1. Return the total of residues in region B:62-82 being at the interface with chain A (Cβ under 10 Å from one of its Cβ atoms) and hydrophobic (A, V, I, L, M, F, W, C).
2. Are there any pairs, at least 6 apart or on different chains, whose C-beta atoms fall under 8 Å, with the first in region B:227-250 and of a type in the set (Asp, Glu) and the second in a strand (DSSP E or B), and if so, which?
3. So, of the residues in region A:46-61 that are part of a loop (DSSP other than H, G, I, E, B) and more than 7 Å from chain B (Cβ to nearest Cβ), which turns out to be surrounded by the fewest Cβ atoms within 10 Å (Cβ to Cβ)?
4. Those residues that are in a helix (DSSP H, G or I) and in contact with a Leu (Cβ under 8 Å, 6 or more places away or on another chain), I need them from region A:23-36; list them, please.
5. Just to verify a result, which residue in region A:205-237, among those that are of a type in the set (A, V, I, L, M, F, W, C) and buried (at least 19 other Cβ atoms within 10 Å of the Cβ), is farthest from the other protein chains (Cβ to nearest Cβ)?
6. Name, by its number, the condition in (1) within 17 Å of the chain's Cα centre (by Cα); (2) over 26 Å from A:Ala204 (Cβ atoms); (3) within 11 Å of chain A (Cβ to nearest Cβ) that does not hold for B:Gly153.
7. Going through B:Tyr75, B:Tyr39, B:Tyr43 one at a time, which residue ends up being assigned to a loop (DSSP other than H, G, I, E, B), crowded, with 16+ Cβ neighbours inside 10 Å and modelled with pLDDT of 95 or more?
8. Restricting to region B:199-211, what's the tally of residues that are within 19 Å of A:Ile84 (Cα to Cα) and at pLDDT below 95?
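The values are calculated or read from the model by the stated rules, or taken from the named source; none is laboratory data. Because the structure is a prediction, the values reported are computed rather than measured. Backbone-built Cβ (ideal geometry, glycine too); neighbour counts: all protein chains shown.
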2 protein chains.
Amino acid sequence: MTNSTPQKSAGSEAEVTAAVLVIGDEILSGRTKDKNIGYIADYMTNIGIDLREVRIVPDVEDEIVDALNAMRARYTYVFTTGGIGPTHDDITADAVAKAFGVELYEDERIINAMLERMKPEDLNAARRRMARVPRGGDLVTNTVSRVPGFRIGNVIVMAGVPMIMQSMLDGVVPTLKTGIPLTMQAVEAEAPEGAYAAGLSAIAEAHPGLSIGSYPSYVDGKFRNQIVVRGRDPQEVATGVAEIEAMLVPLVAARNVG
Amino acid sequence: MTNSTPQKSAGSEAEVTAAVLVIGDEILSGRTKDKNIGYIADYMTNIGIDLREVRIVPDVEDEIVDALNAMRARYTYVFTTGGIGPTHDDITADAVAKAFGVELYEDERIINAMLERMKPEDLNAARRRMARVPRGGDLVTNTVSRVPGFRIGNVIVMAGVPMIMQSMLDGVVPTLKTGIPLTMQAVEAEAPEGAYAAGLSAIAEAHPGLSIGSYPSYVDGKFRNQIVVRGRDPQEVATGVAEIEAMLVPLVAARNVG
């Protein structure tokens, strides 16, 4: 067909995917415990974006560039955290510019925002580094410490400090395509995994539209198994949960007898 | 030189690297917050192994295989966590076998260990899945729930439940090459990052044997900057710290006056 009108982005229907790239030696050395991955994972699930992959890489330009290029080609969005401060180990902007094959420019809006908070003589070369944005990038607001993150193409570059990262995420998400949020329902399985694995597998196979997981954990000195059913169709999730509960009944009964 | 005696593994001198591959939809959906990455990072730092990369991938065989093959070619060791239980979403053993191009076999030692804890009629097909090990693999002990993990080549396959993973790590580490532990020393910088960035950069350039990072955080309503100096030579770390402290003195003094 010629002259067809371009499709409007399917918005809340298309499959929207994301990846997170955590940048920083301090996470890999154990010095800092990451708190951003779990936060972004919850956030994406709530807005219907499928988080598909996470990588943590050191403050090494080629590592950042390679990971970023691999991920931005595969997913709708890539969120990076870390490495956007004024010190020598903050090389994320340089790596993103290199990945996109563009130059960095000094953004006057950032310089002006910084001048509102400091004397001109304090705006030294190190601080000016924080005003550098790859050509073609847009700013991502930061209501906490003001110096913005940026977005270029499908890559969103955010701070590593959780409170600032969270502010930037709030700022950028309204500009993103989002999907149909997953409905998620959990069943407490009062039986060992090995007893219900076959039954659960059969239910999972019968419902390709559902993602069904079984998650053991160890809480207060006891193992606990939780079965989680996820899907975009709430009706199918409810059906899956009902089938799982029915499947568990005889197992739990047998266990209480034995 | 011919007929030279093979070098003993350099042990505590060679550079020993590692990566972690976290396997599980539940981490990517946010349902479970990973607690293993930070634990393994600390552990590796303490035994002188450089953790260089982490990836989190979903319960999808090809994703696991691709990540594993990329990582096992690059690092001395790859640790995986998750996906070794009895349910349909536990596909790590299958993926590892596929990555290495070998078959899975049922290990009698694991079957026997399971039979010590359950009646033969309870050892169903799902539970037998947990006894499968790729050909050429060795077992990794698990003092918590007994069913072992395994190691094949440079890949160590561990459970996702933190207490079990920790037991497996304790079990396997004595069999690994380890490096010279990093000496790490932190300096509280009572000055803004932008004020000391240039001075810190000069010190970092003068000491290529040191890894120097500046880490802002937000604690109790205040931003706090910590400079961390890492290196294998404790003397050089001490020198670096002394130079950083000297560099900070006038900045802190200026700040207290201003």
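1. Residues flagged as at the interface with chain A (Cβ under 10 Å from one of its Cβ atoms) and hydrophobic (A, V, I, L, M, F, W, C) within region B:62-82 amount to 2.
2. Between residues of region B:227-250 that are of a type in the set (Asp, Glu) and residues that are in a strand (DSSP E or B), the close pairs are B:Asp233/B:Thr183; B:Glu236/B:Leu210; B:Glu245/B:Val187.
3. Result: A:Val60.
4. Hit for region A:23-36 is A:Leu28, nothing else.
5. By that ranking, first place goes to A:Val237.
6. (3)
7. Testing whether each residue is assigned to a loop (DSSP other than H, G, I, E, B), crowded, with 16+ Cβ neighbours inside 10 Å and modelled with pLDDT of 95 or more leaves just B:Tyr75.
8. Adding up the residues that qualify gives 1.
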